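Below is one structure, written out as structure tokens; the observations come after it.
The values are calculated or read from the model by the stated rules, or taken from the named source; none is laboratory data. Source: prediction; values computed, not measured. Neighbour counts are summed over all protein chains in view; Cβ atoms, including those assigned to glycine, are modelled from backbone coordinates with ideal geometry. For accessibility, only protein heavy atoms count, side chains too; no ligands or nucleic acids. Shrake-Rupley method; radii C 1.70, N 1.55, O 1.52, S 1.80 Å.
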Amino acid sequence: MNSPESVPSGQSKDIVKVVALIAALVLVLGFYFLLLGRIAFSLIGSGGVAAIIIGVGVLILPLLGVWIVAATVRAALAHQHLARRIHEEGLELDTSELPRKPSGRIEREAADTLFATIKAEWEADPDNWRVSYRLARAYDYAGDRTRARETMRRAVALERNERDVT
């Protein structure tokens, strides 16, 4: 865990803002799910066949919503854990020198070159969570979000296995 002294002041404030925003969104969603649940039980309690069917359908929505929010927060925490470990080990990708578009995104050719380098690293050691994490980041920089998410899930699983073994 990073101590307050190891996190720059501006970054610490940004983290607090993001956590506060996430907490607020989760609370708002919780309230919304509660309201949907009340409506669902009212419909189910009304006794009409159509109302019961609609009520069950409405009841599924907050349950699905809770599952989605929980899975998203759990994944975000796992990714943040890996990012913190990578940072502590000094293995994060250095993209500071790569050319960028006016939007701030890395130019495609530079991202592809970075990706090729990291992919070669991964091919040499595919069962290393650190290399999988770096590959996920390279996929993201190259604009392939689907493969980035898949590879990040793999990195999380590999890191979890490493912790379980030790």
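Can you list the residues, at least 5 places off or on another chain, whose amide H is less than 5 Å from the amide H of Arg100, using H built in the peptide plane?
Glu107
³J(HN,Hα) across region 142-158 via Karplus (A = 6.51, B = -1.76, C = 1.60, θ = phi - 60°), whole Hz, x for Gly/Pro?
Result, rounded to whole Hz: 7, x, 9, 5, 4, 5, 4, 5, 4, 5, 5, 4, 5, 4, 4, 5, 5.
Binned at 10 Å from 0, what are the whole-percent values of the Cα-Cα distance distribution for the chain, short to long?
Answer for the chain: a P(r) of 9, 25, 27, 19, 12, 6, 1 percent.
Tell me the per residue accessible area of the chain using a 1.4 Å probe; a whole number in Å² is fine.
On a per-residue basis, the chain sits at 68 Å².
In whole Hz, what ³J(HN,Hα) sequence does region 133-138 give by Karplus (6.51, -1.76, 1.60; θ = phi - 60°), x for Gly and Pro?
Working through the residues one at a time gives 4, 4, 5, 4, 5, 5 Hz.
Determine how large the accessible area of Val49 is when every protein chain is in place; take a 1.4 Å probe and give Å² rounded to the nearest 10.
Approximately 110 Å² of Val49 is accessible to the 1.4 Å probe.
How about Lys13: which aspartates and glutamates have a C-alpha closer than 14 Å to its C-alpha, ignoring those fewer than 8 places off in the same chain?
Within the straight-line cut-off, Lys13 pairs with Glu5.
Mind listing the phi-derived Karplus ³J(HN,Hα) values for region 98-108, rounded to whole Hz, using 6.51, -1.76 and 1.60 with θ = phi - 60°, and x for any glycine or proline?
6, x, 10, 6, x, 6, x, 6, 5, 4, 3
Under a 1.4 angstrom probe, counting protein chains only, how are Lys119, Lys17 ranked by accessible area, largest first?
So, going from the largest accessible area down, we get Lys17, Lys119.
Carbon and sulfur together cover what percent of the accessible area of the chain at a 1.4 Å probe radius?
Ligands and nucleic acids excluded, carbon and sulfur give 64 percent.
For a quick protection proxy, order the peptides 154-161, 129-136, 142-149 by their average other-Cβ count within 10 Å, most packed first.
Output ranking for 154-161, 129-136, 142-149: 129-136, 154-161, 142-149.
Relative to the longest principal axis of the C-alpha atoms of the chain, give the angle of the C-alpha long axis of helix 9-45, reported between 0 and 90° and rounded to the nearest 10°.
30 degrees
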